[in-house]
Structures are given as structure tokens and as C-alpha cells.
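Right, one structure below, let's go through it.
The values are calculated or read from the model by the stated rules, or taken from the named source; none is laboratory data. Computed from a predicted structure; not experimentally measured. Glycine also receives a Cβ, built like all others from the backbone with ideal geometry; neighbour counts cover every protein chain displayed.
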Amino acid sequence: MVTTTRASTPVAAALLFHWNRVLVCQRKRSRSFPLMWGFPGGKLESGEDYWAALQRELKEELGIDAQSGREIFRHRHFYPGSVQVEIRFFRIDTYSGVVANLDFEQIRWAEPRDLEKLDFLEADRPLIKKLVSGELS
């Protein structure tokens, strides 16, 4: 029996908090997984580590410069018939600039208890369960 393994796509995602609310972003209609909610971030480019990719993505998507943050959760998710992602979530502690929507259908600050009401990407759901339960904040 031959076992095949799929390569993982590395993804970095950010949790930005303001007054006990977390920033969530709705993907554009024209993108893969249209109108689904997620956290800002994206795939690593060649030669990037997770932190460098996240800094680049936050600049491109929200116009902010992340200065410090820490990884708070990671996991691997398999999208059936598609890809496997290795996603690492970072809580952003400090950043400069003003959050602006540069790349999404919409963005909003949501209370963690309301996250389960939104149609989130499957890869984000394990983290959301931890946020809703209060295990992560």
C-alpha cells in the first residue's frame, strides 16, 4: 500500500483586538471561498517566515505595520479535494497606522461570543471555538 501526503500550504493569520472585540474580514465575491469570514492574513511567499508574511499581509490588506505579536494557536486543516493548510494564528500586540479595508468585502470588530454566527472559513473554526469558550483571548 502506498500512502501519499499532500504538501501543506503555510498560512499566517492575525488577531487584532480593540475593546474586547476582534477584527474579522469578509472575503470578496470574486475570490475563492466568496463572502466567507476570516481573519486577516494569507499564504507565505517564497523565502518568508510566518511573521514576515503576516506583516506583509497586514500592510496590503489593512494598511497597518505590525510591530509585535505572538503565536497563540496553530493547526492543520484539510479542505476536501483541495488543499491542506498549516495555519498559525498570531495575536498582534502592537501596530502602527489606522486599520482600513483595502482588500475585503467588509471588515468589522466583533465580540468573540458573536463569531459563531458568522460564516467562517473551516480552517478558522477550531480557533473560534477557543475564543468563544474564553480559552483564548
Of the residues in region 58-85, those that are closer than 22 Å to SER32 by Cα, in a loop (DSSP other than H, G, I, E, B) and hydrophobic (A, V, I, L, M, F, W, C) come to VAL83
Filter region 97-137 for residues that are β-branched (Val, Ile, Thr), over 13 Å from the mean Cα position of the chain (by Cα) and under 20 Å from GLU61 (Cβ atoms) and give the result. VAL98, VAL99
Among the residues of region 55-82, how many are within 11 Å of PRO10 (Cβ to Cβ) and aliphatic (A, V, I, L, M)? 0
In region 17-32, anything part of a loop (DSSP other than H, G, I, E, B) and within 15 Å of GLU60 (Cβ to Cβ) is listed as ARG27, LYS28, ARG31
Answer with yes or no whether ARG108 is out of contact with any Leu (no Cβ under 8 Å at 6 or more places or on another chain), of a type outside the set (Asp, Glu), modelled with pLDDT of 95 or more and surrounded by 12 or more Cβ atoms within 10 Å (Cβ to Cβ). no
Those residues of region 10-28 which are modelled with pLDDT of 95 or more and out of contact with any strand residue (DSSP E or B) (no Cβ under 9 Å at 6 or more places or on another chain) amount to LYS28
In region 101-129, how many are closer than 10 Å to GLY38 by Cα, touching a residue at least 24 places away in the same chain (Cβ under 8 Å) and of a type in the set (D, E, K, R)? 3
Failed criterion for VAL85 (all others in (1) among the hydrophobic types (A, V, I, L, M, F, W, C); (2) within 14 Å of the chain's Cα centre (by Cα); (3) buried (at least 18 other Cβ atoms within 10 Å of the Cβ); (4) at pLDDT 95 or above hold): (4)
Can you find a residue in region 86-103 that is closer than 15 Å to GLN26 by Cβ and part of a strand (DSSP E or B)? no
So is ALA66 surrounded by 16 or more Cβ atoms within 10 Å (Cβ to Cβ), at pLDDT 95 or above, of a type in the set (A, V, I, L, M, F, W, C) and farther than 24 Å from GLU111 by Cα or not? no
Of those in region 104-136 that are assigned to a loop (DSSP other than H, G, I, E, B) and in contact with a strand residue (DSSP E or B) (Cβ under 8 Å, 6 or more places away or on another chain), the residue nearest to VAL22 (Cα to Cα) is GLU111
Scan region 23-45 and tell me whether some residue there is without any contact (Cβ under 8 Å) to a residue 24 or more places away in the chain and surrounded by 14 or more Cβ atoms within 10 Å (Cβ to Cβ). no
